[in-house]
Amino acid sequence: MIQLSAVALLFLFWGAVYAADILILSSSYSRRYERFLHHSGLSVSPGQVRWYTAGLNRTFVRLASWQSHWQRTWFSAGVWFAYAAMVGSIVLLVGTLVQSVRNLTRAPEERTQQILVPVMPGVNLPWNHMVYFAATLLLAGVLHELGHAIAAIREQVRVNGFGIFCFIIYPGAFVDLSTEHLDSVSAKQKLRIFCAGVWHNFVLVLMALVLLMCMPYLLLPLYSTGQAAVVTGLVEGTAVSGPRGLLLGDHVTRMDDCPIKSKEDWEQCILGVLHSPHRGFCQSADHIEHFNTAVKVDKTVHGVVECCNTNTSLSELCFTYQRSNLSAQNHACLPARTTASGPVCRTNSDCLTSGHHKLSQPHSVFCLFPALDNNTRLVRVTQGRDPPMLFLGNPWELFYHAKVSSYMPRFDFLLLELPEVLETFCKYLISLSGALAVLNVVPCHALDGQWILSALVDLQLGKLLPNRRDRDTVATLVSLFGTVLLGANIALALWSLIFR
């Protein structure tokens with residue numbers, strides 16, 4: 001459910017901003033305040049703050065005059081991309097709508113994951129990712145409108161100004177074009193102007209994708225990879241953190257017998273621990289005889305074998321083992337840390353293979369399994385310090401309570417989180433800028449797709465329908481279909497996200 005407290009705070013904040021604006025305008029400082037708003041280009045309305053300026057127009061003109069020949073090819077390519085994207089977006093929305101309708105009649109476990117999902121802070125977007133979200137929307141919006149502005153100047157359409165706004169928590173940008181000039185240019189020129197925004201969004205996606213793929217090579221002088229997973233974040237007060245747990249900057253190289261050289265290895269090793277049976281640890285018969293303090297064997301209400309006196313020692317754990325494949329299970333209460341220091345095993349024979357104890361007597365070493373329930377594991381994590389971390393609990397806690405990175409800083413002054421911040425920002429650029437490119441090209445009212453469709457109809461149906469009113473009717477009907485299609489997708493997605 002939506003976090004009502006955060007929503008209430010947003011309403012209070014914007015209510016206070018709008019109330020302050022009204023109070024100042026009605027006070028003795030109103031003229032000074034109005035002059036400030038006029039000179040700064042700021043304006044305030046319910047839930048929104050806008051900034052508008054004409055000071056960037058000369059910059060747009062200089063950009064439009066740079067490499068003029070290549071820019072014509074550039075914006076023409078944007079038209080072809082918009083053609084393909086418009087068809088693809090309609091097919092995608094139709095498929096998503098059919099999928100959403102089918103999900104309404106299915107049981108929760110049978111529903112398929114939706115392709116397009118609205119992003120709602122506090123619901124499916126963590127609040128601590130709001131900086132990524134806002135920065136991505138702002139950058140994608142600015143480049144989108146920059147494309148419109150440069151293309152317009154190239155086609156002899158005046159740019160009146162450029163602006164940035166923030167609506168509730170969603171930032172964006174806009175460009176003010178001369179309507180009179182825009183109406184006087186040809187359909188081909190209009191297409192180059194209208195398609196430039198989504199084209200720039202698509203190019204931004206490609207740039208972010210290349211940057212993400214080349215990140216290990218670009219950061220090579222500062223960060224090394226392929227050696228370990230570096231701990232970059234911990235949830236305090238959990239079994240993962242603390243003096244005997246992980247510390248920030250630890251280099252995790254192994255989880256039991258699973259080697260770790262990257263963040264992906266860390267996640268795969270956790271999944272391996274989760275989905276595999278309990279793993280044991282090789283120890284000698286002398287170890288068992290020396291440390292065993294087992295009391296009467298009992299079973300808890302959950303069916304877990306207990307052979308230790310938990311009132312006297314919290315460092316001991318009940319282990320089970322078999323002296324041979326056909327013998328009954330034996331139990332021993334042993335120190336967890338020293339017992340788990342042995343090689344990982346699954347059978348007694350594993351303890352006799354190369355790289356383990358290498359004992360010549362088969363019956364002098366055993367594979368000891370911790371007596372735990374199905375959701376609990378005893379995991380040894382090698383983190384570059386002695387002794388290795390010994391984790392007892394649900395392995396999902398390692399996944400959720402510890403954050404790791406594949407990048408190991410070469411210098412102490414480097415931030416552990418920097419590569420992850422760059423990677424996360426690139427991923428947001430790919431997803432959000434890509435979504436803006438796909439959705440903005442839909443022939444829907446108030447989106448770029450509406451104007452692209454209108455110019456396209458004029459260009460392609462000009463001879464077939466010489467009457468302008470007939471062409472407008474065709475464009476209106478197709479835009480109505482696109483508006484209903486997009487609206488239905490958004491409504492069903494919000495319903496599924498909030499109420500189901």
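The values are calculated or read from the model by the stated rules, or taken from the named source; none is laboratory data. Only a predicted model underlies this, so the values are computations on that prediction, with no experimental measurement involved. When we count neighbours, we look across all protein chains shown, and the Cβ atoms used for this are built from the backbone with ideal geometry, even at glycine. Calculation scope for accessible area: heavy atoms of the full protein, side chains included, ligands and nucleic acids excluded. Shrake-Rupley method; radii C 1.70, N 1.55, O 1.52, S 1.80 Å.
Rounded to the nearest 500, the helix-only mean residue ellipticity at 222 nm of the chain stands at -15500 deg cm²/dmol, with each DSSP H run of n ≥ 4 adding -39,500 (n - 2.57). Each residue of the range 173-190 was assigned a 3J(HN,Hα) from its phi angle through the Karplus curve 6.51 cos²θ - 1.76 cosθ + 1.60 (θ = phi - 60°); the sequence is 9, 8, 10, 9, 9, 6, 5, 5, 5, 5, 6, 8, 8, 6, 5, 4, 5, 4 Hz, with glycine and proline shown as x. Here the convex hull built on the C-alpha positions of the range 1-112 has a volume of 190 cubic angstrom per residue.
Between the beta carbons of F13 and F413, assuming R0 = 45 Å, the FRET efficiency works out to 0.75 to the nearest 0.05.
Could you check how much of the accessible area of the chain is carbon and sulfur, as a whole percent, using a 1.4 Å probe?
On the way: 17400 of 27760 Å².
About 63 percent, which is the carbon plus sulfur part of the accessible surface.
Residues whose amide H comes within less than 5 Å of that of C345, counting only those at least five positions distant or on another chain, are G280, F281, C282 (H built at 1.01 Å from N in the peptide plane). Taking amide H atoms as placed 1.01 Å from N in the peptide plane, the amide H of Y407 lies under 5 Å from those of V230, each 5 or more residues away in sequence or on another chain.
Ordering of 463-474, 70-81, 408-419 by packing is 70-81, 408-419, 463-474, highest average first (other Cβ atoms within 10 Å, averaged per residue). Descending by average beta-carbon neighbour count within 10 Å, the peptides 146-152, 31-37, 191-197, 433-439 line up as 191-197, 146-152, 433-439, 31-37, the highest first. Backbone amide hydrogens, once placed in the peptide plane, bring E306 within less than 5 Å of D298, K299, T300, excluding anything fewer than 5 places away on its chain. Along the range 16-22 the Karplus relation, 6.51 cos²θ - 1.76 cosθ + 1.60 evaluated at θ = phi - 60°, assigns HN-Hα couplings of 5, 5, 5, 5, 5, 4, 5 Hz to successive residues, with x for each Gly and Pro.
At 1.4 Å probe size, with every protein chain present, just tell me what the per residue accessible area of the range 55-154 comes to in Å². Don't skip to the answer; put the middle values down first.
Values: 5570 Å² over 100 residues.
Computed with neighbouring chains in place, this is 56 Å² per residue.
Taking only the alpha carbons of the range 207-310, we obtain Rg and Dmax values of 20.4, 66 Å in that order. When each of the peptides 172-178, 11-17 is scored by how many other beta carbons lie within 10 Å of its residues on average, the order from highest to lowest is 172-178, 11-17. Solvent exposure of the range 359-500, expressed per residue, is 53 Å² of accessible area, with all protein chains present and a 1.4 angstrom probe. Dividing the convex hull volume of the alpha-carbon atoms in the range 23-74 by its residue count gives 80 Å³ per residue.
How much accessible area per residue does the range 192-323 have, counting only protein heavy atoms and a probe of 1.4 Å, in square angstrom?
Working: 6940 Å² over 132 residues.
On a per-residue basis, 53 Å².
Over the Cα atoms of the chain, the radius of gyration divided by the Kirkwood radius equals 1.12; this is the Rg/Rh ratio. Couplings 3J(HN,Hα) of the range 475-485, computed from phi: 4, 5, 5, 5, 5, 5, 4, x, 5, 5, 4 Hz, in residue order, whole Hz [Karplus 6.51 cos²θ - 1.76 cosθ + 1.60, θ = phi - 60°; x for Gly and Pro]. Note on K299 and L274: with the Förster distance fixed at 30 Å, the Cβ-Cβ geometry gives a FRET efficiency of about 0.80.
Quick check on the range 373-423: what are the equivalent-ellipsoid semi-axes from the Cα gyration tensor, as sqrt(5λ), descending, whole Å?
They are 27, 15, 6 Å, listed largest first.
Can you list the residues of the range 140-171 with backbone N under 16 Å from a point 7 Å past the Cα of E180, pointing along Cα to Cβ? Of the residues in the range 140-171, 156-161 have backbone N under 16 Å from the label point off E180.
Spacing of the modelled spin labels on T424 and D257, each 7 Å from Cα toward Cβ, amounts to 3.6 nm. Extents of the range 368-500, largest first, come to 85, 42, 21 Å (Cα atoms, principal axes, whole angstrom).
Of all beta bridges that DSSP places with both ends in the range 105-228, some 90 percent have antiparallel geometry.
The convex hull around the C-alpha trace of the range 158-200, projected and averaged over every direction, spans 3.7 square nanometres. Hull volume per residue, based on the alpha-carbon atoms of the range 250-310 and their convex hull, is 160 Å³. Among the cysteines of the chain, those with no neighbouring cysteine Cβ under 4.7 Å are C166, C195, C214, C426, C444.
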